[in-house]
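What follows is one structure encoded as structure tokens, with my remarks underneath.
The values are calculated or read from the model by the stated rules, or taken from the named source; none is laboratory data. Owing to the predicted nature of the structure, the values given are computational and were not obtained by experimental measurement. We place every Cβ from the backbone using ideal geometry, glycine too, and count neighbours over all the protein chains shown. Accessible surface is based on the protein model in full, side chains and every heavy atom, while ligands, DNA and RNA are left aside. Shrake-Rupley method; radii C 1.70, N 1.55, O 1.52, S 1.80 Å.
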Amino acid sequence: MTQQNMLGLLTVFNCENSHPQGDLVFVHGLAGHPWGTWHPQSKTDNQNVELWPFWLGENLRANGIDINVWSFGYDAPGFQYFGQGMSRFDQASNLLKHLEVNDIGDRPLIFVTHSLGGLVVKQVIRTAQSFPQYQAIIEQVQGIIFLSTPHTGTH
């Protein structure tokens, strides 16, 4: 799969249940990748399921918890010369639209974020509070896991 196709909300693990108990959404950080960030060797091929989010989906299913696992891909260049990414508001709005289109928000939702991904999810919550069509999504957020998120800057 090409890099361009790694944008948006990608299915990592489908519980194959028509009524999943919840959704788990991974959001990568600065200069990250929706697959490679969570892979032990940073592999970006979405056919390679040797990554933490997939293992988590399998483990939960083995323990009777049926959830779908997703990874959100967005442009997050690490340095100015690599290109310009969207503003956080636009990234958050984009993620909200992907959640809505995939019916995520009708059941419990947990985010796992890394670096800039945590700031994007914080902006998702702020943005969703201003739009009535997204109230169900923020009401279903049961938790957010922040990994190396610079909440107050990088100092």
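Considering (1) within 30 Å of ASN17 (Cβ to Cβ); (2) surrounded by 13 or more Cβ atoms within 10 Å (Cβ to Cβ), the lone condition that ASP103 does not fulfil carries the number (2). Of the residues making up the stretch 101-155, those that are aromatic (Phe, Trp, Tyr) and in contact with a strand residue (DSSP E or B) (Cβ under 6 Å, 6 or more places away or on another chain) number 2.
So if I check each of SER115, SER71, which one is hydroxyl-bearing (Ser, Thr, Tyr), crowded, with 18+ Cβ neighbours inside 10 Å and at pLDDT 95 or above? On inspection, the qualifying residue turns out to be SER71.
Of all residues in the stretch 14-34, how many are free of Cβ contacts under 8 Å to residues at least 60 places away in the same chain and either within 23 Å of GLU100 (Cβ to Cβ) or among the small types (Gly, Ala, Ser) (or both)? Walk me through it before giving the result.
Filtering the stretch 14-34 down to residues free of Cβ contacts under 8 Å to residues at least 60 places away in the same chain leaves 14-19, 31, 33-34.
Add one more test, that the residue is either within 23 Å of GLU100 (Cβ to Cβ) or among the small types (Gly, Ala, Ser) (or both), and what stays is 14-19, 31, 34.
Number satisfying all stated conditions: 8.
For PHE54, the conditions (1) modelled with pLDDT under 85; (2) of a type outside the set (D, E, K, R); (3) farther than 20 Å from LEU119 by Cβ; (4) open to solvent by less than 80 Å² (accessible area, probe 1.4 Å) all hold with the exception of (1). Here GLY153 meets each of (1) under 25 Å from VAL12 (Cα atoms); (2) modelled with pLDDT under 90; (3) of a type in the set (Gly, Ala, Ser) with one exception, condition (1). Residues in the stretch 10-51 that are assigned to a strand (DSSP E or B) and either surrounded by 21 or more Cβ atoms within 10 Å (Cβ to Cβ) or over 17 Å from the mean Cα position of the chain (by Cα) (or both): VAL12, PHE13, ASP23, LEU24, VAL25, PHE26, VAL27. Every condition in (1) over 26 Å from GLN41 (Cβ atoms); (2) open to solvent by 40 Å² or more (accessible area, probe 1.4 Å); (3) touching a helix residue (DSSP H, G or I) at 6+ places or on another chain (Cβ under 8 Å) holds for GLU139 except the one numbered (3).
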